[in-house]
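The values are calculated or read from the model by the stated rules, or taken from the named source; none is laboratory data. None of these values were measured; they are calculated from a predicted model. All Cβ positions, glycine included, derive from the backbone under ideal geometry; neighbour counts span all protein chains shown. What goes into the accessible areas is simple: the full protein's heavy atoms, side chains included, and nothing from ligands, DNA or RNA. Shrake-Rupley method; radii C 1.70, N 1.55, O 1.52, S 1.80 Å.
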Amino acid sequence: MIVGRPEFGFARAGPFCGNSRVPDTTSGNFETSSRLKIDVAASPATGPIAAATTVSWGDAVWEWAQAVLLIANLGWTVLCLGGFRAATMVVTSVLTGVLLLTHAAAWLVVRVPHRAEADGGGGDPAGSSRRAFHPAGYWFIPFLVYAAANVAWVTPVRWLGWSDWFGWAQMIAVFWVMLNGVRSRAPRLAVFGALLAVAVTAVGMGCYQRFVAPHWLMLHRIQADQYIGRASGCFGIPNSLAALLLLILPVTGAIACRPRATAVLRVFFGWLTVVFLFGLGLTISRGAWLGLALALAAWPVLTGGASWRRRLAMAGLVLAGVGCAGALAGIASPQIRGRFAQLVRDEGERSRPILWRAGLNLVRGRPWTGTGGGSFNALFERYRPEGFLNEPLWAHNDYLNTLSDYGAIGFVLFFGAAAVVAGRTVGRVRTTRPARSGGGATTPPGGRGSGAFEHPLVRSALAIGLLAFALQLFVDFHFKIAGLALSFAIVAGLAVSGGWTAPARPRTGVAKHLDFAVALAIAGVAVAFSGLQAPRFAGEGHREDARDIIDHLGDRALDPAEMKAKLTAARADLDEAVRYAPDNAQAWSDRAYAAALWSRLNPTQTVELGRAAEADANRALAISPVLAESWIRRGVARDMQGNWVEAGNDFVHAISLSPKSVLPWFHYGYHLSLHPAELELAKAMVAFCLRLDPANPDALRLRQQLATSGPRP
C-alpha cells in the first residue's frame with residue numbers, strides 16, 4: 001500500500017530511476033530493473049485499484065513528450081499577450097494539435113501489464129491492456145459535442161464561433177492530458193514549475209511597465225491609456241495578469257507554510273509568494289483582490305477538521321487581515337486610492353452592467369440554445385446604449401457570456417460538469433486522511449506517483465486558487481484568453497488528479513471500446529486543430545494586421561506615396577486573410593473597405609473599385625447578415641458606382657442592426673450629403689452622430705464641410 005509522503009516532494013526521484021535500486025513499497029525489498037514496479041492496494045476511499053501498475057521507460061518518454069509540449073505551449077501562449085492576437089494562436093493551435101496526437105498515440109502504443117484478479121494481486125501478470133481514462137474528463141465531452149453543433153447550426157457568426165469552440169476544446173484538452181497523459185511526479189512538477197516561471201517572468205514585465213516604460217507591451221504593442229499606472233505584464237490587460245497570479249498564489253503560500261517543509265523550500269516558496277503578492281498589487285485589480293479575499297476566507301470554512309464556530313471565526317480573521325492589508329495599500333499608493341474612489345464615485349461599475357444587461361436581453365431572446373458561440377459582440381449592437389462607445393468583445397462575465405452564447409443547455413453541460421467534478425474531488429479528499437509517520441491512514445495516489453500534490457494543505461491550496469479564479473470570472477472574461485485558459489486547465493488537472501484517483505485497472509467490455517473511440521476522437525480533434533483552425537487563425541492574423549494599418553491612417557498627415565504604400569500592404573494582408581479563411585465575413589468586409597480607401601488615391605478607378613468592393617461586401621453578407629459594418633461597406637460601394645437609392649437602403653439596414661453606433665449614422669449622413677436635396681437631413685444625421693459621440697473626428701469634419709461648402713457635388 002502506498003503511503004502518502006508528508007513532504008512536497010521536489011527532491012524525490014522522477015517516474016523512473018534508471019538501474020538504481022528502487023524500494024518495493026509493499027514488501028520492503030528492493031528491486032533492480034529498468035522498470036519501476038509499484039503495487040497499489042484497493043482502499044475504501046479510492047474504490048477498486050489495480051493490483052499492480054508498471055512504469056516503463058517507454059511510458060515515461062511518452063509522458064515527458066506531452067509535458068514538454070505543454071510547457072512549450074504554455075510559455076508561448078502566455079508570454080505573447082496571453083494568446084490575444086490571432087497570429088499567436090496559429091502556433092498555439094498547432095502545438096495543441098501535436099500534443100493531442102502525441103497523447104492519442106501514447107494511449108494506443110503503451111500497454112499496462114496487470115495481474116489476474118483471482119490470485120489476489122500475486123503471481124505473474126495475466127496480460128496487458130491500455131490504461132483507462134480518468135472519469136473526470138468524460139464529464140466535459142457532452143459540452144464539446146453540443147458546442148460544436150451550436151456553432152454549426154445556431155451561431156450567425158460561424159467563423160467566430162469556431163474560434164470560440166477551439167478555446168473551450170483546448171482548455172478541456174489540456175485538462176484531459178494533465179489527468180491522463182502527464183501522470184508521474186517529475187513531469188507534473190516540471191509543468192507546474194514552468195507555470196511558476198512564466199508567472200515570475202510576467203511579474204518582472206509588470207515591474208518594467210510600472211517603473212520604467214508605462215506604455216510598453218509585448219509584440220511591439222502600445223499599452224492603452226486607461227491602463228497606464230497598472231501592471232499587465234505579458235498581457236494587455238492588468239486583470240489578466242491578476243488572474244494568472246490568483247491561480248498559484250495560494251499554492252506557493254501553502255508550500256512555504258507547510259509543516260515539515262525544509263528551510264530551502266520555505267525560503268524559495270516564501271519568496272515566490274511575496275513576488276506574486278507584489279505583482280498582484282501592481283495590477284490594482286479590484287475584482288482579483290476581492291476574489292482572493294473571498295477565496296481565502298472560504299478556505300477555513302470549506303476545510304474539515306474543526307467546529308463551524310472555529311471555522312467562521314478563522315474566516316472572519318482572514319477577512320479582517322485582508323481588509324487591513326488593503327487599507328495600508330490604499331494609504332501607501334495614490335493609484336489604489338484612485339481606483340477605489342472611482343468605484344465609490346460611480347456607485348459601482350459603469351460599463352460592465354451595460355454589458356450584463358445586454359447579455360441578459362440576449363438570454364431572454366433565446367434561453368435554451370443561446371444566440372450562438374462567439375455571437376455576443378455582434379449582437380450586442382442591438383442593445384448598445386446611447387453614448388457607450390467601447391467595443392466590448394465579450395460580456396465581461398464568463399458565466400453570463402456562456403449562457404448568452406450557448407444557452408441554458410450549454411451552461412449546464414459545462415459548469416454543471418465542473419461542479420460535479422469539483423464535488424467528487426472534494427468529497428474524495430475529505431474521506432482520505434493524510435499519512436502519519438506511524439502508518440495507518442493513506443493518501444490516494446493521483447494517477448501514478450503524483451504525491452507532490454497530495455499533501456492536504458497543497459491540495460486545498462490548488463482548490464482555493466481555482467476558486468479565486470472562478471470568482472473573478474463574474475467580472476471578467478479569462479476563459480476567452482487562451483493563456484489563462486491553459487493555466488487554469490493545468491492547475492485544475494493537478495487538483496482533480498490529486499484528490500480524485502481514477503481506477504488503475506484497465507477497463508473491459510463496453511467501457512474499453514468507449515476509451516478506444518475517445519482516443520480516435522482525440523486524434524481527429526488534433527487534426528482539426530492543426531488542419532482547420534490554424535488557417536482560420538492565420539487568416540484572422542492577416543486581417544488584424546491590415547485593420548491596424550487602416551485604423552491608424554488618420555493618426556497623422558500622410559503624403560500620397562506613404563498612403564499608397566500603407567494601403568498596398570493592407571490590401572495584400574486582406575488578400576491573404578480571405579485566402580486562408582474564406583469563411584471570415586469580417587475579412588471580406590474589410591477588403592471592401594480597403595478598396596473604397598484605394599479609390600481616394602485613384603479617382604479614375606472609382607466605379608471599377610466600387611464593383612469590386614460590392615462583390616466583397618456581398619460575400620461578407622452571404623456569410624453573415626448580422627454585421628452592420630458589412631451593410632455599410634456595401635452601401636459605400638454602391639455610392640461609388642452612383643447607385644444612390646440602393647446604397648441608402650443598405651445604410652438604413654445597418655442602422656436597424658446598430659441603432660446607437662456612430663458608424664452607420666455617419667455614413668448615412670455622408671450618403672445624404674451627396675444629394676443636394678437632402679442637405680438639411682444630412683446635417684441632422686451629422687448632429688445625431690455628434691450627440692452619440694461629441695468628439696468623433698469624422699463627424700466634426702463633415703459638419704464643418706457641410707457648413708462651409710454647401711451641398712456636395
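Some points to look at:
- Checked against (1) part of a helix (DSSP H, G or I); (2) in contact (Cβ under 8 Å) with a residue 60 or more places away in the chain; (3) in contact with a Leu (Cβ under 8 Å, 6 or more places away or on another chain), A620 meets all criteria but (2).
- Residue check, R600 at pLDDT below 95, among the basic types (K, R) and open to solvent by 10 Å² or more (accessible area, probe 1.4 Å): yes
- Among the residues here, E646 qualifies as among the charged types (D, E, K, R), open to solvent by 50 Å² or more (accessible area, probe 1.4 Å) and modelled with pLDDT of 95 or more.
- So D616, is it under 21 Å from H671 (Cα atoms) and open to solvent by less than 60 Å² (accessible area, probe 1.4 Å): yes
- When the test is whether a residue is at pLDDT below 95, open to solvent by less than 40 Å² (accessible area, probe 1.4 Å), under 20 Å from A489 (Cα atoms) and touching a Ser or Thr at 6+ places or on another chain (Cβ under 7 Å), R448 passes it.
- Checklist (1) modelled with pLDDT of 90 or more; (2) farther than 20 Å from C207 by Cα; (3) open to solvent by less than 30 Å² (accessible area, probe 1.4 Å) applied to I354, failing item: (3)
- Number of positions in segment 546-577 that are in contact (Cβ under 8 Å) with a residue 40 or more places away in the chain and assigned to a helix (DSSP H, G or I): 4
- Yes/no for L702 being touching a helix residue (DSSP H, G or I) at 6+ places or on another chain (Cβ under 6 Å), open to solvent by less than 50 Å² (accessible area, probe 1.4 Å), assigned to a helix (DSSP H, G or I) and at pLDDT 95 or above: no
- Lone unmet requirement of (1) part of a helix (DSSP H, G or I); (2) more than 22 Å from D548 (Cβ to Cβ) for P625: (1)
- Test: residue in segment 413-430 that is open to solvent by 10 Å² or more (accessible area, probe 1.4 Å), touching a residue at least 40 places away in the same chain (Cβ under 8 Å), touching a Leu at 6+ places or on another chain (Cβ under 9 Å) and outside any helix (DSSP H, G or I): no
- One residue from W168, W153, W176, W162 being in contact (Cβ under 8 Å) with a residue 24 or more places away in the chain, within 30 Å of A408 (Cα to Cα) and open to solvent by 20 Å² or more (accessible area, probe 1.4 Å): W162
- Test: residue in segment 371-382 that is open to solvent by 10 Å² or more (accessible area, probe 1.4 Å) and aromatic (F, W, Y): no
- V264 fulfils the conditions (1) of a type in the set (V, I, T); (2) within 23 Å of the chain's Cα centre (by Cα); (3) at pLDDT below 95 except for a single criterion, (2).
- Any hit, segment 274-293, residues being hydroxyl-bearing (S, T, Y), surrounded by fewer than 24 Cβ atoms within 10 Å (Cβ to Cβ) and under 16 Å from V78 (Cβ atoms): no
- Only a single item in (1) modelled with pLDDT of 95 or more; (2) more than 32 Å from the chain's Cα centre (by Cα); (3) among the basic types (K, R); (4) open to solvent by 60 Å² or more (accessible area, probe 1.4 Å) is not met by R579, and it is number (2).
- Checking G669 against (1) farther than 13 Å from V636 by Cα; (2) of a type outside the set (A, V, I, L, M); (3) surrounded by 13 or more Cβ atoms within 10 Å (Cβ to Cβ), the condition it does not meet: (1)
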